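Visitor: Just passing along the structure, written as structure tokens.
Bear in mind that the values in this text are calculations on the coordinates, not laboratory data. Here the structure is a predicted model, which means the values were calculated and not measured. With ideal geometry, Cβ positions are generated from the backbone for all residues, glycine too; neighbour counts draw on all protein chains shown.
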Amino acid sequence: MGVLRLLFNIAWFVLGGFVMGLAWWLAGLICFISIIGIPFGRACFVIGEMTFWPFGQEHVSRDQLYGREDIGTGPLGFIGNLVWFVLFGIWLAIGHIVHALGCFITIIGIPFGIQHLKLALLSLTPIGKTVVSSH
């Protein structure tokens with residue numbers, strides 16, 4: 001199973017994972033420029049790393065994972081997600097959707113297109129989410 005995951009991740013990297021991972025990291029750098037954007041920037045780098053190699057990883061809500069709310073899963077997280085959506089989320093989602101459509105053209109690319117759509121949804125509201133291993 002590990003070899004198959006590695007092959008999927010390599011193909012993913014070529015079929016848009018590299019470009020979109022860099023887009024996430026660019027958003028993170030922009031967030032780090034403003035001091036108040038540092039928590040957003042940290043999330044961008046974590047999700048950007050997942051975007052480079054998504055197979056074998058998934059995103060989950062932290063309140064479901066830990067069984068309790070924190071600052072990112074409560075009302076402040078909701079406000080943060082609204083700000084994120086306007087500044088970066090919509091643009092990252094559009095990038096993932098464009099790559100998904102390109103992947104859906106071929107039958108072999110369908111799993112990669114589905115992964116792009118999952119990341120497009122994550123890019124709309126990433127605050128309060130974390131990346132975990134699928135195992």
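Visitor: Compare the peptides 83-95, 32-44 by average per-residue count of other Cβ atoms within 10 angstrom and give them in order, highest first. Could the numbers behind the result be given before it?
Guide: Working: 83-95: 17.5, 32-44: 15.2.
Taking the mean over residues of other Cβ atoms within 10 Å, the ranking is 83-95, 32-44.
Visitor: On a 0 to 90 degree scale, rounded to 10, what angle separates helix 38-52 from the longest Cα axis of the chain?
Guide: 10
Visitor: Go ahead and collect, in residue order, the members of region 87-105 whose backbone nitrogen is under 17 Å from a label point 7 Å along the Cα-Cβ direction of Ser34.
Guide: Only 87-92 fall inside the zone, counting backbone N under 17 Å.
Visitor: Which ³J(HN,Hα) values, rounded to whole Hz and listed in residue order, are derived for region 100-115 from phi using the Karplus coefficients 6.51, -1.76 and 1.60 in 6.51 cos²θ - 1.76 cosθ + 1.60 with θ = phi - 60°, glycine and proline given as x?
Guide: Along region 100-115, the couplings run 4, 4, x, 6, 5, 4, 10, 5, 5, x, 4, x, 6, x, 4, 5 Hz.
Visitor: Helix 75-84: angle to the longest alpha-carbon principal axis of the chain, degrees 0 to 90, nearest 10?
Guide: Its long axis makes an angle of about 60 degrees.
Visitor: For q = 0.14 Å⁻¹, what log10 I(q)/I(0) does region 2-133 give under the Debye formula with an equal point scatterer on each alpha carbon and no solvent?
Guide: For region 2-133, the Cα-only Debye profile gives -0.60.
Visitor: Also: If you put +1 on each Lys and Arg Cβ and -1 on each Asp and Glu Cβ, how big is the dipole of the chain around its Cα centre, in Debye rounded to 20? Intermediate results must be reported in sequence, preceding the final value.
Guide: On the way: 6 positive and 5 negative charges, 18 e Å.
The calculated dipole for the chain is roughly 80 debye.
Visitor: Can you give me the relative contact order of the chain as a percent, contacts being Cα pairs under 8 Å and 6 or more apart? Intermediate values should be presented prior to the final figure.
Guide: On the way: 168 pairs, mean separation 39.6, N = 135.
Relative contact order of the chain: 29 percent.
Visitor: Continuing with the same structure: Give the angle, between 0 and 90 degrees and rounded to the nearest 10, that separates the Cα long axis of helix 2-12 from the longest principal axis of the Cα atoms of the chain.
Guide: It works out to around 80 degrees.
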